[in-house]
1. Please list, ordered by first then second residue, the pairs with beta carbon atoms under 7 Å, 6 or more apart or interchain, first in the range 7-18 and within 12 Å of residue 55 (Cα to Cα), second within 10 Å of the ligand (Cβ to nearest atom) and among the hydrophobic types (A, V, I, L, M, F, W, C).
2. Pick from the range 37-66 the residues that are more than 21 Å from residue 80 (Cβ to Cβ) and surrounded by fewer than 12 Cβ atoms within 10 Å (Cβ to Cβ): which of them is farthest from the ligand (Cβ to nearest atom)?
3. If I ask for residues that are more than 14 Å from the ligand (Cβ to nearest atom), small (Gly, Ala, Ser) and loosely packed, with under 12 Cβ neighbours inside 10 Å, which ones from the range 1-36 would you list?
Amino acid sequence: MPEPMLKFSVTCPNCALESVSEMPIALIANALLTGKAIRLRAQCHDEYWTATIGEREQIRSALREIRVDMPTATLRTHAERAMKSQTAP
Ligand SMILES: [Zn+2]
């Protein structure tokens, strides 16, 4: 089964161009829960940066929207797996 992904728009810090970014839902959910940094990427400048509080809020609401059609158990399974793979050496 492919990993469920979340699509959200990001604004490039270099040129303010908006592009659509895609990240695994488990990774995002985990980062939001634990307060970890979320790395964003702009396609136009191939640039990575850490999501600001405002951007985290945007991602959080995007996540809330899609959670409606996803069983919570599925999401939890993916989040747990992501947490395990992160703590592994
Ligand atoms: Zn750019």
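1. 10/42; 12/42; 12/44
2. For the range 37-66, the residue satisfying everything is 65.
3. Initial filter on the range 1-36 (more than 14 Å from the ligand (Cβ to nearest atom)): 1-8, 22-36.
From the residues that got through so far, the ones that are small (Gly, Ala, Ser) too are 26, 29, 31, 35.
Result: 35, single match.
Each reported figure results from applying straightforward, stated rules to the coordinates on display, with no laboratory input. These figures come from a predicted structure and were not determined experimentally. Every residue, glycine as well, gets a Cβ built from its backbone with ideal geometry; the counts of neighbours run over all protein chains shown.
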